Amino acid sequence: MSENTPPIKVVVAKPGLDGHDRGAKVVARALRDAGMEVVYTGIFQTPESILRAVIQEDAAVLGLSSLSGAHMEYAVDLCRMLRENDREDVLFLVGGTIPDDDAAHLKSVGVSEVFGPGARTGDIIAYIEERVRAAAA
């Protein structure tokens with residue numbers, strides 16, 4: 001990105017009772033190190049608090065990290081809430097232990113991409129940069 005281009009703003013969130021946030025923190029740091037502006041909401045967030053952060057920060061990207069198995073409920077709710085708040089333009093990524101069938105369903109309801117265990121941070125960064133740049137063009 002050029003000097004005149006503002007950094008990509010990303011909200012990284014951990015929904016529900018999932019307190020395992022090491023992966024989310026690793027991804028958040030990698031995105032920051034790649035020049036993105038990252039807002040990490042912390043653990044135990046509700047869909048409403050996550051949506052509020054996306055809107056308040058005017059984020060281009062939402063990264064939802066889930067290891068608890070509750071990814072379907074939270075991600076589907078957030079897809080609906082983003083639509084209801086005219087924020088369908090937000091690139092919505094889900095990461096964590098997501099079975100392939102669930103990943104396919106999440107993509108069908110509005111999640112942009114799903115990154116499972118072992119996903120390389122470089123691949124996540126490249127995905128975000130490519131999609132945000134294409135959306136801005």
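The values are calculated or read from the model by the stated rules, or taken from the named source; none is laboratory data. Source: prediction; values computed, not measured. Cβ coordinates were reconstructed from backbone atoms using ideal geometry, including for glycine residues, and neighbour counts include every protein chain displayed. Each accessible area value is taken on the protein alone, full model and side chains, heavy atoms only, with ligands, DNA and RNA left out. Shrake-Rupley method; radii C 1.70, N 1.55, O 1.52, S 1.80 Å.
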*Selection count where residues are among the β-branched types (Val, Ile, Thr), buried (at least 21 other Cβ atoms within 10 Å of the Cβ) and within 12 Å of LEU78 (Cβ to Cβ), scope region 42-65*: 2
*Please identify the pairs in which a residue from region 69-96 that is over 24 Å from ASP123 (Cβ atoms) has its Cβ atom under 6 Å from the Cβ atom of a residue that is small (Gly, Ala, Ser), counting only partners at least 6 apart or on another chain.*
ALA70/GLY16
*Taking region 1-20 only, how many residues are among the charged types (D, E, K, R) and open to solvent by 30 Å² or more (accessible area, probe 1.4 Å)?*
2
*asked:* Taking the criterion of being open to solvent by 70 Å² or more (accessible area, probe 1.4 Å), at pLDDT 95 or above and under 17 Å from VAL26 (Cβ atoms), would at least one residue in region 93-113 satisfy it?
replied: no
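Going through GLY63, GLY35, GLY42 one at a time, which residue ends up being under 22 Å from PRO117 (Cβ atoms) and out of contact with any helix residue (DSSP H, G or I) (no Cβ under 8 Å at 6 or more places or on another chain)? It would help to see each step written out before you state the result.
On the way: GLY63 fails: out of contact with any helix residue (DSSP H, G or I) (no Cβ under 8 Å at 6 or more places or on another chain); GLY35 fails: under 22 Å from PRO117 (Cβ atoms).
Only one candidate passes the filter, namely GLY42.
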*Go through the residues of region 130-137 one by one and say whether even a single one is open to solvent by 30 Å² or more (accessible area, probe 1.4 Å), aliphatic (A, V, I, L, M) and assigned to a loop (DSSP other than H, G, I, E, B).*
yes
